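Q: Please read through the structure below; I'll follow up with questions.
The values are calculated or read from the model by the stated rules, or taken from the named source; none is laboratory data. Note that the structure is predicted; figures quoted are calculated from it, not measured. Reconstructed Cβ throughout: ideal geometry from the backbone, glycine too, with neighbour counts over all protein chains shown.
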Amino acid sequence: MFSLGSTKENHSDRSAMTSMNRVAGEARQLSSVLPTLLVEARSIANTVSSGWHGRRRSGPGENFWQFRPFMSGEPSKRIDWRRSARDDHLYVREREWEASHTFWLWADASPSMQFQSNLSGTTKQHRALLLLLALSDMLSATGERVGIPDLSAPVTGPTTPQRLAQSITFNETSASLPETHQIRRFSETIVFSDFFESIDKTKEWVAAVSATGAKGHLVQIMDPIEETFPFSGRYRFDDPESDLRLTAGRAENWKEDYFQKLAEHKQALKDIAAKAGWSFITHHTDRPATEPLLLLHTRLTNPDQSGAVS
């Protein structure tokens, strides 16, 4: 659920060693599931690619894209006379714009992403990684460059998902949002997260990325139980971010307040994205992974279309 604030304390050598062992254990666990996620990601990418037409547009390049009618005022040297000779109209041959675009992808690695309820078949972290790898497969197939901030420089080609997966294996941080120093103008950043960080932190991060001239997309990944709150009776709630524990004598009495706070949190995220001209998508882990990818395709191929989708 929402990460509650906590006061940082000095850690002893023993607690530091315990933390290092925990990180190492999580890295080994992640390494064991990444091959399976890669196979599933490739399958999903192949499914979605049938409707994925890339980001083709006219511009400098060598490959033919399309013929279009000649417009008054254009230089006559642009006319393709061979095509124009077929009928009574003048046509211009357009080439496909071949300058590759850079995409920075990020999957939230914070403890809250490891949550999985009995209403879902996967953790939020695994779904985030699956979407990242599938999207990298599709983007690289259209010639785009894909990287992970501070983990992998932008690359392209058929081995892109494998290279990104390898870099993720060696990630020793639990950051919910990526560093911004590598993000530049004309690039796009796509973050897969539950965005249970404080609104102020997310707002500051989006502002920092927007200041570079880059665009962005926020994909909020939630377990279905986090939207339904089907609890009643005595329950103990553990916050994975701060280790805070709250016990409710009658959990059903918390439901209304929880829904209100959740709605306010999501609305704040939508407002942050809208102000920056970014898109915001909510995805639930009990739903097919193809759904957010198709929505992202709409956003990426129609850059003027921003907004929120739940």
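Q: Take the residues in the range 273-291 that are assigned to a strand (DSSP E or B) and not aliphatic (A, V, I, L, M); name whichever of them is surrounded by the most Cβ atoms within 10 Å (Cβ to Cβ). Outline the logic, then answer.
A: Of the range 273-291, the ones assigned to a strand (DSSP E or B) are 279-284.
Adding the requirement that they be not aliphatic (A, V, I, L, M) leaves 279-280, 282-284.
Numbers: Ser279: 26, Phe280: 24, Thr282: 21, His283: 24, His284: 21.
For the range 273-291, the residue satisfying everything is Ser279.
Q: Quick check, is Ser242 in the same structural domain as Glu291 (by TED's automatic domain parsing) and either touching a strand residue (DSSP E or B) at 6+ places or on another chain (Cβ under 6 Å) or outside any loop (DSSP other than H, G, I, E, B) (or both)?
A: Judged against the criteria, Ser242 is not a match.
Q: Still on this structure: Which strands (runs of 3 or more DSSP E) sit wholly inside the range 133-227 and have at least 2 residues that are more than 13 Å from Leu105 (Cβ to Cβ) and in the same structural domain as Asp271 (by TED's automatic domain parsing)?
A: 215-222
Q: Looking at the range 119-147, which of the residues that are within 26 Å of Glu172 (Cβ to Cβ) and of a type in the set (D, E, K, R) is surrounded by the fewest Cβ atoms within 10 Å (Cβ to Cβ)?
A: In this case the residue turns out to be Arg145.
Q: Might you check whether a residue that is under 25 Å from Pro154 (Cα atoms) and of a type in the set (Val, Ile, Thr) occurs anywhere in the range 228-247?
A: As a first pass, look at the range 228-247 and keep what is under 25 Å from Pro154 (Cα atoms): none.
Checked against the condition, which is being under 25 Å from Pro154 (Cα atoms) and of a type in the set (Val, Ile, Thr), the range 228-247 yields no hits at all.
Q: Oh, and also: Working only within the range 148-197, note down all residues that are hydroxyl-bearing (Ser, Thr, Tyr) and surrounded by 15 or more Cβ atoms within 10 Å (Cβ to Cβ).
A: The answer is Ser152, Thr156, Thr160, Ser167, Ser174, Ser176, Thr180, Ser187, Thr189, Ser193.
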